[in-house]
Number of protein chains: 2
Amino acid sequence: MELEHDATATAYEVCVGEGLIDDAGSLIAAACPAHRYSIITDTQVAGLYGERLLDALSGEGLNGMVLKFPAGEWNKNRENWSDLIDGMLRAGFGRDSAVVALGGGVVGDLGGFVAATFMRGVPLVQIPTTLLAMLDSSVGGKTGVDTAAGKNLVGAFHQPRLVLADPAVLKTLPGPQFTSGLAEALKHGLILDAAYFESIAAGLEDLFARQPDRLTDLIARSVEIKAAVVSRDERESGYRKVLNFGHTVAHAQEAISGYAWLHGEAVAAGMALEAAIGEAAGVTEEGVSRRIQEVLEAARLPVELDDEVDATRFFEALEKDKKRAGGRVRYTLIGEIGRVAASDEGDWTHEVPEELVRSVLFE
Amino acid sequence: MELEHDATATAYEVCVGEGLIDDAGSLIAAACPAHRYSIITDTQVAGLYGERLLDALSGEGLNGMVLKFPAGEWNKNRENWSDLIDGMLRAGFGRDSAVVALGGGVVGDLGGFVAATFMRGVPLVQIPTTLLAMLDSSVGGKTGVDTAAGKNLVGAFHQPRLVLADPAVLKTLPGPQFTSGLAEALKHGLILDAAYFESIAAGLEDLFARQPDRLTDLIARSVEIKAAVVSRDERESGYRKVLNFGHTVAHAQEAISGYAWLHGEAVAAGMALEAAIGEAAGVTEEGVSRRIQEVLEAARLPVELDDEVDATRFFEALEKDKKRAGGRVRYTLIGEIGRVAASDEGDWTHEVPEELVRSVLFE
């Protein structure tokens, strides 16, 4: 007997604007009504914005409580997930509560996974506080934690009801975190919107000055692009792979460096190098990798792998990734700036001979 | 900006039939193709059916591996969930694998939660080995684990690709487990199909003899009813509450007895008593509770609460449940045998004055 089931299609709001964090109360009350709000954040962000968000909620009569865990990627694990859930249970949170994840990508992933699994799922609001989280990781519904065996190996897809991005909070973001976010914005341009890529390149000075209006435009356009891709392919089965430009090489760099590189930094080097690989493979137009390098360097981002990454370690890291993904090393390549190249298989990824990759990266 | 996302609607197969476990290879290959299968089961079921299922898979060229955890409801926890995931990672399972949950409700819930969260979700096959799991818990997509604070407080909704129910395995099921399953089948009749309820009552002798044909019919009809309800309301927001007939009282009994009662036993007593409450409230037709009692007794099921359950402990347990659900004690009531009573609020649950419940249950 065949049973039909039809998961509810839903829509959610992404609000971007200076000072929005102080309007969080009314925005959350409208988009994500709940009996109580569990504000999940890390020790660092709690000190910066915890009280302000609580005030914004209580100003609208909403009942919030801050639950925090120690800051740091290595704390995105099952133990903290478990502790946060137990903290909510002890505080009497029920099915009619919602989770607000306030922080960078680590908080969004871990807080999102709490929301996905607390009593089989409660609504989620994302309030990202890093550029990368604002324009990339808070959109798409990926949540999860790391294990000793690797990153994001445990998790769930759980879409937020509302994403609130306030570029004013980026004023205090350290430089490397800021440029790491820029790398993903540039990627959005490179895969789908050449004019966007060039406008970022032309406006780097204003962006480095953290001008809220320019940042608002940047975040809004990146979210549009990311959301358009994700809505076509929510569970990452096909089209969503266009977002992986730069990521095959980046994952190897990250794994070898033990995640000493920020994600966006690794993606920057990955994009420069995968453009060169694409050119060598005849998929990417000549000159593209040079232009990408220029812009990345102007954006203070790396365009080469770390010295410690040699061919042996690099291909070992790919091999490990391959095993996990089920059998093939694939590259997302662009045809030219602003256009991902479809492969002959009708897929969005390309198989590239190892010798070719070796000659581009290591010879 | 408003983002649309559209979770994929899917359909899945429920196959019921004697000897199906030996056909699992071809059925799984067709409905849930995967590179490797992680067969999650408990120590008890592993000894009974683990090898047979592995043989059925390898007969079709499928690659399976058995991962087990200690049998028992108290082992449905985050520690075993974590260990099972780590076991899969150590064994090199990747995104292209699937989970087969082989066992009773505990295995289905725990194995299902592993499938829901391993690398953000992999496909799931349920092979239930108890009557309750076959006709009820394997359908509906609920997965999860218990915490010290209560049952199923952590989990996710994750629909199986395939449910395989082989009534031949019920021959070895202990009597109380068998009648516990019957209680849920009777509930399906009581809420939506009077003829089904009476056919179970008339056929109890064949059922107790574990006749595979009769059991196949029973499971198939119960699954149809459960699936029809669930497909109308996958996330338990409204209509799905019709399945809660008997459950408000049952949850209190279970909580007070520390889960010494089997779930179906508690539901049986709950149905008899909630029918009496419904009659006293003028919602349920006179005489219904008497007929329900007769049939439950013939099915060797309890119709009264345990002696240790007094009014004080009962209402305390309800209070705790209420807090968790967010504010109201509600009863799902039937109007007559085979028909759930809608409430005036257009909901499927009823508020009943505490004094009335007290007078029916304790005076």
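Treating each Cα of segment A:47-128 as an identical point scatterer and summing with the Debye formula, the log10 of I(q)/I(0) at q = 0.18 Å⁻¹ comes to -0.74.
How large, in percent, is the carbon and sulfur part of the accessible surface of chain A at a probe radius of 1.4 Å? Numbers along the way, then the final one.
Working: 6420 of 13730 Å².
After summing per-atom areas, the C and S share lands at 47 percent.
Size check on segment A:2-172: the Cα extents along the three principal axes, sorted descending, read 48, 36, 33 Å. Each copy carries A:Arg300; placing its label point 7 Å along the C-beta direction from Cα gives inter-copy distances of 7.6 nm, listed from smallest up. Inter-part distance, segment A:283-315 to segment A:348-363, computed on C-alpha centroids, equals 13 Å. Note on B:Lys171: aspartates and glutamates with a C-alpha under 14 Å away, same-chain residues under 8 apart excluded, are B:Glu18, B:Asp206, B:Asp213.
Copy-to-copy label distances for A:Gly338, where each label lies 7 Å from Cα along Cα-to-Cβ, are 6.8 nm in order of increasing length. Kirkwood-type hydrodynamic radius, segment A:46-95: 12.4 Å, calculated from all non-identical alpha-carbon pairs. The tail of the calculated P(r) for segment A:236-296, taken as Cα-Cα distances beyond 19 Å, holds 35 percent of the pairs.
For the listed residue pairs A:Lys68/A:Lys241; B:Lys142/B:Lys322; A:Lys187/A:Lys322; A:Lys68/B:Lys76, the alpha carbons are over 25 angstrom apart in A:Lys68/A:Lys241; A:Lys68/B:Lys76.
Taking the DSSP beta bridges with both ends in chain B, the antiparallel portion is around 25 percent. Tell me, what is the 1.4 Å probe accessible area of B:His188, in Å² to the nearest 10? Its heavy atoms expose roughly 0 Å² to the probe.
Between copies, B:Gln211 shows label-point distances of 8.4 nm, shortest first, with the point placed 7 angstrom from Cα along Cα to C-beta. Averaged over the residues of B:78-88, the number of partner chain Cβ atoms lying within 10 Å of the residue Cβ comes to 3. Averaged per residue, the protein assembly as shown has 38 square angstrom of accessible surface, using a 1.4 angstrom probe with ligands and nucleic acids left out.
Which three numbers, in whole Å and largest first, are the semi-axes of the equivalent ellipsoid of segment A:227-359 derived from its Cα gyration tensor as √(5λ)? Intermediate values should be presented prior to the final figure.
Numbers: eigenvalues 84, 68, 49 Å².
Each semi-axis is √(5λ); the values are 21, 18, 16 Å.
For the pair A and B, how large is the buried accessible area, both sides, in square angstrom to the nearest 100, if the probe is 1.4 Å? Display every interim value, and only then the final one.
Values: alone 16130 and 16150 Å², together 27470 Å².
Counting both chains, the buried surface is close to 4800 Å².
Computed with the Debye formula from one identical point scatterer per Cα of the protein assembly as shown, without solvent, the log10 of I(q)/I(0) at q = 0.06, 0.08, 0.09 Å⁻¹ comes to -0.39, -0.68, -0.84. Each 10 Å bin from zero holds the following percent of Cα-Cα pairs in chain A: 5, 25, 33, 24, 11, 2, 0.
Evaluate 2.2 N^0.38 Å with N set to the residue count of segment A:195-251, then give the Cα radius of gyration divided by it.
Details: Rg = 13.9 Å, N = 57, 2.2 N^0.38 = 10.2 Å.
Cα-based Rg divided by the globular estimate yields 1.36.
The mean number of Cβ atoms from other chains found within 10 Å of a Cβ in peptide A:260-272 is 0, as a whole number. Contact residues in segment A:119-141 (at least 10 Å² less accessible area with all protein chains than alone, 1.4 Å probe): A:Met119, A:Arg120.
The values are calculated or read from the model by the stated rules, or taken from the named source; none is laboratory data. Predicted model only: the values in this text are computed from it and were never measured. Note that we place each Cβ from the backbone using ideal geometry, even for glycine, and neighbour counts take in every protein chain shown. Accessible surface is based on the protein model in full, side chains and every heavy atom, while ligands, DNA and RNA are left aside. Shrake-Rupley method; radii C 1.70, N 1.55, O 1.52, S 1.80 Å.
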